[in-house]
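First up is the structure itself, then whatever we jot down about it.
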Amino acid sequence: MLILASQSPRRSELLRREGVDFTVVVKDTEEEHDATLAPQVLCARNAAAKAKAVAADYSHATVLGADTLVFIDGTPLGKPADEAEALRMLMQLQGRTHCVCTAVAVILPGGERRDFAEISYVTFRSLSEEDIRNYMQLVHVLDKAGAYAIQEHGELIIEKIEGDYDNIVGLPVTRLLQVLRG
């Protein structure tokens, strides 16, 4: 039995696309946003906290926790609190390359952990404030790290990517499936 310790619809969609059978169980956990930590370390701490919180009640299951953050100039960008913050984030990203880190914590029955982190790079187009506001009219930006979704009208804001597309969406599925099969 696989439990996804995340309410992210994007992660659920990615797992379903691969034919993975899973159940979603989420526990409240406090996420860190410590800019002094390396992206892999910060995301790994958050992913592990989510997985551990659920695994405590489901020791018979495989529990999957994940955390995705956008980093620009070493600063983590989580989900914006409001549209003004989303606009500031997108203005900060426009015309620049940033990294997207997703860390995954897998806790197997019996407590063994298999963790990893994946980093991809995204380059935004040069955008005006009007371009960004138009994008924000098309996409619900408040529930997305960095205030954008590559899979939702990404062609309007993204010039190029380097790395795993699914990682940018929120779950590096190819690597995850290798870990689950291993």
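Coordinate-derived values only; no laboratory data. Remember, predicted model here, so these are calculated numbers, not experimental data. We place every Cβ from the backbone using ideal geometry, glycine too, and count neighbours over all the protein chains shown.
In table form, for the structure just shown:
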| quantity | calculated |
| --- | --- |
| Those lysines that a straight Cα-Cα span of less than 16 Å connects to LYS27, excepting residues fewer than 8 apart in one chain | LYS50, LYS52 |
| Of all DSSP beta bridges in segment 2-181, antiparallel share, percent nearest 5 | 85 |
| Dipole of segment 2-181, positive direction: furthest Cα of LEU176, GLY110, LEU2, with charges on the beta-carbon | GLY110 |
| Net charge contributed by nearby residues that have their C-beta within less than 11 Å of LEU142 (K/R +1, D/E -1) | -2 |
| Relative contact order (%) - the chain, alpha-carbon pairs under 8 angstrom, separation at least six | 22 |
| Stokes-Einstein D for segment 131-182, Kirkwood Rh over Cα pairs, 25 °C, 0.890 mPa s (µm²/s) | 198 |
| Pairwise FRET efficiency - HIS33 versus GLU130, Cβ, R0 = 41 Å, nearest 0.05 | 0.90 |
| Per-selection Kirkwood Rh - the chain (Cα, Å, 1 d.p.) | 16.6 |
| Which of SER6, SER120 has the fewest Cβ neighbours within 10 Å, and the rest in rising order | SER120, SER6 |
| Label-reachable residues, segment 157-182, where backbone N falls under 11 Å from a point 7 Å from LEU138's Cα toward its Cβ | 157-158 |
| Pairwise centroid distance, computed over Cα atoms, of segment 67-140 with segment 1-64, Å | 17 |
| Longest segment of the chain lacking GluC sites (Glu not before Pro) that sit in a DSSP loop with at most 11 other Cβ atoms within 10 Å | 31-111 |
